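Read-outs: derived from the displayed coordinates by stated rules, not from any lab. Keep in mind that this is a model prediction, so the values were computed, not measured. FYI the Cβ positions are ideal-geometry reconstructions off the backbone, even for glycines, and counts take in every protein chain you see.
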Amino acid sequence: MANRPTRAGAVRKTGKGPTVGTGGHGRKALEGRGPTPKAEDRTYHPAGKRKARVERAAEKGRPVRGPELRGNSRVKASSDGGELVAGRNSVLEALRARIPATALYVAARVEMDDRVREIISIANKRGLPVMEIMRPELERMVGPDTVHQGVAIKVPAYEYAHPRDLLDAAIAAGDTPLLVALDGVTDPRNLGAIIRSTAAFGGNGVIVPSRRSVGVTAAAWKTSAGAAARCRVAMATNLAAAITELKKAGVFVIGLDGGGTTLLPNLDLADRPLLIVVGSEGSGLSRLVTEKCDAIVSIPISAATESLNAGIAASVALYEVARVRAPR
C-alpha cells in the first residue's frame, strides 16, 4: 500500500475519546435560546414594528390607519371581560345595531368587498379607532377556531346597574315602576328581545341574575336593536333576595307560567308598581322565585301550541300592562 501524506492536526479516529473538531461548542451555543419568537414579538421585524405602533396609538387613544384597507358569526371573550366579535357579517350587523364597540381590527391587505367597505365607513363615521394588524396577530386575538375573515371589533364588558337603582330611577322620573326579571333564561336573543320590548312598552329596566342566566352580550345587544343603550339592565347576585327587597319597597310581583291560575287579560295588578318575572322555556320559574310571586299569570294561547318562548311571553305581558295603563 502506498504511503499517504499526513497533514498537521489530522488524527484518524481509532476509538472512543476526544477527536479534532468543535468540541461541542456549536451545540452548546444553541442551548437555552428556546424557539424562535413570533415575527410580531421581534422588535426589529416589520411585524414587530407595526405591533408597537398599534400599541402606542392605542395607549394614546389615537386611531391607527394604514393604506385604504382592502364567513361566519363568531364571538370570543376578551381578556378584559369584554368580547371580540369576528366575521364580516357579524361585525357589520353589530355596527349597524350600534353596539358600543371600542375598536375595529382589520387584517393587513384584507380583500375588499362591499361589507368591508361599509364596516370601515361606519367605523369612520362613529370615530371608532381602526387598527390594521397582521393576520397572525388577529388570529391570535380571536382564537384558532374562529373564522374572522379579516375583521373583528372589540365590545367592552357591560356595566350593570343594581336592581334597586332601576326602581329609584323610575320613581324619580314620576313613573309607575314596570320592571322585568329573568329567571334561568340563557338565550341572549331572548334577553335582547325582552330589552327591546321593555323599552317599547315603557318599562324601566330588566334584571338578570348573576348565575345560570344570560348577560348582556354582543348577541343580546344586536337583538335589542339599540334598545340596550336606553333600557338599563341590572344584575342581582340572588334573584329571590332582590325580589324580596323590591316587594318591601311596594312592588308587586307576577310570574309568567303556562299553568298559572290568573289570566293575563285585564290583570288587576297592571296599574300597580310591577315586576314581571319570566322563566326559561324548559323548566319555567324556579321554586324559590315562584314562592315570592304575588300571582302566577298565564297567557291564553291555542291548545295546538305548547308554549311561548321567553321573549314573546314577556312582550305580550308588557303590551297588556301598557294597554291597561294607557289613559282612556
Residue-ordered couplings for region 225-238, obtained by feeding phi - 60° into the Karplus form 6.51 cos²θ - 1.76 cosθ + 1.60 and rounding to whole Hz (Gly and Pro as x), are 6, x, 5, 5, 7, 10, 10, 6, 10, 10, 10, 10, 4, 9
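Just rank Tyr160, Tyr105, Tyr44, Tyr319, fewest to most, by other beta-carbon atoms within 10 angstrom. Walk me through the intermediate numbers first.
Numbers: Tyr160 17, Tyr105 24, Tyr44 6, Tyr319 14.
By the 10 Å Cβ count, ascending, the order reads Tyr44, Tyr319, Tyr160, Tyr105.
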